[in-house]
Amino acid sequence: MKLATIRTEGTTRAVRLDGDVLVDLGVPDVGALLAEDGWAERAAAVTAGAATTYAVADADFAPVVPAPSKVVCVGLNYRNHIQEMGRDLPEHPTLFAKFADCLIGAGDDILRPDETEEFDWEVELAVVVGKRVRRARGAEAEAAIAGFTVLNDITCRDWQFRTREWLQGKMWDSSTPVGPYLVTPDDLPGGVRPALDVTLTVDGEVMQSDNTGDLLFDPVALVEYVSTVIRLNPGDVIATGTPGGVGHARRPSRYLLGGETVVTEVEGIGRLENKVVKESAV
């Protein structure tokens, strides 16, 4: 099942993909849907003939969960990216955070801040949580995964490395596309531990290409680890990390200057297509 949040008539609606139409699920967004008991059964039970529908071709996708209570991100989780950044393989996940104000939709413009000279890209598979859990282990952690989506962890590298803490390089306003769909594990090869190709292109040039099978810490392990620290709520997002090919690690380094089109794609889930726009020009 593929779920999304779309913008329509000044509001948002949670929808399910059904062929070439999106079926209204009767709630304002996917986050609100996930907060309901039996959300999956409810979403599957709505029929196109009994609900408002929208053409996929005309859809304006909002962030799949517009206002998660938290966005937890994982750094250094692909072997090749760890190596290109000159670091040792970690014993534990490296965590940082983003906030709801960072998130934009699958086709929205990425705002490039005037304050950075090192604006970089990062394709990521993201976990979307479907139930409240704390210190989840094993089957409980697996059951907490509502599905997966696509996220581009856009980063201001010069701000990221001002200090040892990464947060200030990662939390810029209106910088992080996420969506277009939440895809439930039963629709993906590998289920809650999917092995999916991930790619990112800039103006048609392939910058990143890998498979989520290369993750050091898989989605279930990340739910276990993060929920040990803090409760996870329905709609929370865990970005699982990026593979090699980021602009900062290239020689010479390459960054997004403004005007580029960035396409971020995860096999079986969908694609983000976003234009980079200088914030001063908006």
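The values are calculated or read from the model by the stated rules, or taken from the named source; none is laboratory data. If you're wondering where the values come from, they're calculated on a predicted model, not measured in any experiment. Note that we place each Cβ from the backbone using ideal geometry, even for glycine, and neighbour counts take in every protein chain shown.
Here are some residues: Gly26, Gly38, Gly31. Which one is over 19 Å from Tyr181 (Cβ atoms), outside the structural domain of Gly241 (by TED's automatic domain parsing), modelled with pLDDT of 95 or more and small (Gly, Ala, Ser)?
Every option except Gly38 fails the conditions.
Cβ contacts < 9 Å: first residue without any contact (Cβ under 8 Å) to a residue 24 or more places away in the chain and surrounded by fewer than 17 Cβ atoms within 10 Å (Cβ to Cβ), restricted to segment 247-271; second residue of a type outside the set (D, E, K, R) and in a loop (DSSP other than H, G, I, E, B), any location; separation 6+ or different chain. Result?
Listed pairs, sorted by first residue: none to list.
Report the residue count in segment 172-195 for those that are in contact with an Asp or Glu (Cβ under 7 Å, 6 or more places away or on another chain) and among the β-branched types (Val, Ile, Thr).
2
Which residue is farthest from Pro63 (Cα to Cα), if the candidates are limited to segment 134-158 and must be of a type in the set (Asp, Glu) and in contact (Cβ under 8 Å) with a residue 24 or more places away in the chain?
Top of the filtered list is Asp158.
Name the one entry in Pro243, Pro234, Pro189, Pro219 that is surrounded by fewer than 17 Cβ atoms within 10 Å (Cβ to Cβ) and either touching a residue at least 24 places away in the same chain (Cβ under 8 Å) or assigned by TED's automatic domain parsing to the domain that holds Ala44 (or both).
Going through Pro243, Pro234, Pro189, Pro219 in turn, the sole match is Pro189.
If you go through segment 252-282, how many residues are outside any strand (DSSP E or B), of a type outside the set (Val, Ile, Thr) and at pLDDT 95 or above?
So the answer is 11.
Considering (1) in a helix (DSSP H, G or I); (2) in contact (Cβ under 8 Å) with a residue 12 or more places away in the chain; (3) surrounded by fewer than 17 Cβ atoms within 10 Å (Cβ to Cβ), say which one Pro28 fails and leave the rest.
So Pro28 meets the others, but not (1).
When you scan segment 176-183, do you find a residue that is surrounded by fewer than 23 Cβ atoms within 10 Å (Cβ to Cβ) and within 25 Å of Glu84 (Cα to Cα), even just one?
Just the residues of segment 176-183 that are surrounded by fewer than 23 Cβ atoms within 10 Å (Cβ to Cβ), to begin with: none.
The answer is no; no qualifying residue exists.
Of all residues in segment 134-162 being among the charged types (D, E, K, R) and part of a helix (DSSP H, G or I), which is farthest from Gly241 (Cα to Cα)?
Glu140
Would you kindly identify the strands (runs of 3 or more DSSP E) lying entirely within segment 163-235 that contain at least 3 residues that are more than 16 Å from the chain's Cα centre (by Cα)?
Working: elements: 176-183, 197-202, 205-211.
Fully inside segment 163-235 and qualifying: 205-211.
Which condition number does Cys156 fail, the rest of (1) closer than 27 Å to Thr201 by Cβ; (2) surrounded by 24 or more Cβ atoms within 10 Å (Cβ to Cβ); (3) among the hydrophobic types (A, V, I, L, M, F, W, C) being met?
Just one mismatch for Cys156, condition (2).
Looking at (1) of a type in the set (D, E, K, R); (2) surrounded by fewer than 22 Cβ atoms within 10 Å (Cβ to Cβ); (3) in contact with a strand residue (DSSP E or B) (Cβ under 6 Å, 6 or more places away or on another chain); (4) closer than 21 Å to Ala106 by Cβ, which one does Glu205 not meet, given that it meets all the others?
Exception for Glu205: condition (3).
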